[in-house]
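Okay, structure first, notes after.
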Amino acid sequence: MGALMLDRREFVRRLLIDRGDLLVVSGLGSATYDVAAAGDHSLNFYLWGAMGGTAMIGLGLALARPDKRVAVLTGDGDMLMGLGSLATIGVKQSNNLAIVVLDNAHYGETGMQASHTQSGIDLVATALACRFKQARAVSRLEQVAAVRKLLHFGEGPILINARISDEEAPRVLPLRDGHAIKQRFIETLNAI
């Protein structure tokens with residue numbers, strides 16, 4: 001993984017500053033806590049389950065609303081479990097979709113076991129092999145501006161592998177009622 005690591009909470013906070021009408025799908029666990037800590041927003045679609053399905057939910061949303069930018073923020077464990085989704089996303093070529101993998105090289109929700117990225121599995125190379133238009137790894141806060149530009153204007157599909165520290169941050173729990181999250185998201189999306 002290398003010596004440089006991002007502070008996950010600060011990285012996500014900076015990504016979502018002045019986000020406009022960016023649609024954000026967050027994976028279960030820490031990714032959702034990080035997105036909620038950056039500020040609850042009615043265009044946040046928090047997932048409390050669906051391990052391995054976050055990227056596909058983002059793809060479905062991107063295909064249904066090609067007029068909107070969609071950002072998926074999820075962990076390396078979720079992305080590894082849904083690795084086949086990268087191939088489907090590559091086939092569909094949704095140009096409004098960006099996936100940000102918060103990669104701490106651990107399965108944080110189940111006890112901090114090492115994930116396969118700790119053993120060298122390269123999500124950037126995998127995304128490029130799956131015909132993503134752009135894929136890169138980041139490990140410094142100075143790179144946030146370039147990542148924000150990709151989220152808002154880059155030609156997708158895009159994958160950003162953010163190498164984050166494995167330090168735990170306090171949990172920030174957003175709304176946990178799946179129906180209420182969905183309804184709030186749909187109502188806001190239909191109004192913009």
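Observations on the structure shown:
- Among (1) modelled with pLDDT of 95 or more; (2) within 21 Å of GLU167 (Cβ to Cβ); (3) small (Gly, Ala, Ser); (4) crowded, with 21+ Cβ neighbours inside 10 Å, the one test that ALA36 misses: (4)
- Look at the range 67-93: where a residue is more than 17 Å from GLY156 (Cβ to Cβ) and a partner is of a type in the set (D, E, K, R), sitting 6+ places away or on another chain with Cβ atoms under 6 Å, you get ASP76/ASP103.
- Cross-chain or 6+ apart pairs with Cβ under 9 Å, the range 47-61 first and in contact (Cβ under 8 Å) with a residue 12 or more places away in the chain and farther than 17 Å from ALA36 by Cα, then part of a helix (DSSP H, G or I) and among the basic types (Lys, Arg): LEU59/LYS92
- Close contacts from the range 106-133, counting a first residue that is crowded, with 19+ Cβ neighbours inside 10 Å and of a type in the set (S, T, N, Q) and a second that is assigned to a loop (DSSP other than H, G, I, E, B) and at pLDDT below 65, with Cβ to Cβ under 8 Å and a gap of 6+ residues or different chains, come to SER115/ALA105; THR117/MET1; THR117/ALA105.
- ILE164 fulfils the conditions (1) in contact with a strand residue (DSSP E or B) (Cβ under 9 Å, 6 or more places away or on another chain); (2) modelled with pLDDT of 95 or more; (3) among the β-branched types (Val, Ile, Thr) except for a single criterion, (2).
- Residues of the range 38-58 classified as in contact with a Pro (Cβ under 8 Å, 6 or more places away or on another chain) and not in a loop (DSSP other than H, G, I, E, B), total: 2
- Some residue of the range 59-76 being in contact with a helix residue (DSSP H, G or I) (Cβ under 8 Å, 6 or more places away or on another chain), surrounded by 23 or more Cβ atoms within 10 Å (Cβ to Cβ) and over 18 Å from ASN96 (Cα atoms): yes
- Qualifying positions in the range 78-94 - part of a loop (DSSP other than H, G, I, E, B), farther than 26 Å from SER165 by Cβ and within 16 Å of the chain's Cα centre (by Cα): SER94
- Within the range 135-192, the residues that satisfy the criterion of being of a type in the set (A, V, I, L, M, F, W, C), surrounded by 13 or more Cβ atoms within 10 Å (Cβ to Cβ) and part of a loop (DSSP other than H, G, I, E, B) are ALA169, VAL172, LEU175.
- Any hit, the range 62-77, residues being closer than 19 Å to ARG184 by Cα, at pLDDT 95 or above and assigned to a helix (DSSP H, G or I): yes
- Scanning the range 1-37 for residues that are in a loop (DSSP other than H, G, I, E, B), more than 11 Å from the chain's Cα centre (by Cα) and among the small types (Gly, Ala, Ser) yields GLY2, ALA3, GLY20, GLY29.
The values are calculated or read from the model by the stated rules, or taken from the named source; none is laboratory data. None of these values were measured; they are calculated from a predicted model. Heads up, the Cβs are rebuilt from the backbone with ideal geometry, glycines too, and the neighbour counts pull from every protein chain shown.
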